[in-house]
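Visitor: Have a look at this one before I ask anything.
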Ligand code: SF4
């Protein structure tokens, strides 16, 4: 699914100014929604940001994996982060591509007998962190390519 997302991005070439603004949910009025598998995947691959960092992100309205204006889990970030671009020209295709690929992730839940959950990013991270035996996130940066699990609050 992530490779498919990368192909779509390459083909459509939306603009990204790597401002990191899309990762501050409070400032932008966005919320990032992910599946349980995506949250578990990021944490398994990158380690836990730790409860203190997660709480700080919740207070500040951001993502616990953002380092300055960059994504610290770039290669392992969820689908919504991969497909969201503030480039208005991308709005016409973002939702359709997201829904199609989300369907693929949903079917992974089914195929592997993992209860399907879909919720706000930091909330699902907290749930997995509570139950998982995870390493510690090293906090590295990794470039940002936008952040459509991102939805405008209230819509
Ligand atoms: S792109 Fe990275 S830093 Fe930004 S919201 Fe997604 S996981 Fe967090």
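The values are calculated or read from the model by the stated rules, or taken from the named source; none is laboratory data. Since this is a predicted model, take the numbers as computed values, not measurements. Heads up, the Cβs are rebuilt from the backbone with ideal geometry, glycines too, and the neighbour counts pull from every protein chain shown.
Visitor: Residue 80 - would you say it is in contact with a helix residue (DSSP H, G or I) (Cβ under 9 Å, 6 or more places away or on another chain) and more than 23 Å from residue 3 (Cβ to Cβ)?
Guide: So residue 80 does not fit the description; no.
Visitor: What tally of residues in segment 29-60 results from selecting those that are over 17 Å from residue 119 (Cβ atoms), touching a helix residue (DSSP H, G or I) at 6+ places or on another chain (Cβ under 6 Å) and surrounded by fewer than 22 Cβ atoms within 10 Å (Cβ to Cβ)?
Guide: Residues flagged as over 17 Å from residue 119 (Cβ atoms), touching a helix residue (DSSP H, G or I) at 6+ places or on another chain (Cβ under 6 Å) and surrounded by fewer than 22 Cβ atoms within 10 Å (Cβ to Cβ) within segment 29-60 amount to 2.
Visitor: I'd like the residue in segment 56-79 that is part of a loop (DSSP other than H, G, I, E, B) and closer than 12 Å to residue 122 by Cβ and, out of all such residues, is farthest from the ligand (Cβ to nearest atom).
Guide: Only one residue tops the list, namely 61.
Visitor: Residue 100 versus (1) part of a helix (DSSP H, G or I); (2) within 16 Å of the ligand (Cβ to nearest atom); (3) modelled with pLDDT of 95 or more: which is the lone unmet condition?
Guide: Only one criterion is unmet by residue 100, namely (2).
Visitor: Quick check on this structure: which one of 53, 82, 45 is closer than 17 Å to residue 124 by Cβ, within 9 Å of the ligand (Cβ to nearest atom) and assigned to a helix (DSSP H, G or I)?
Guide: When all the criteria are applied, what remains is 82.
Visitor: Hey, any hits in segment 6-15 for a residue that's under 25 Å from residue 134 (Cα atoms) and not in a helix (DSSP H, G or I)?
Guide: No: segment 6-15 contains no residue that is under 25 Å from residue 134 (Cα atoms) and not in a helix (DSSP H, G or I).
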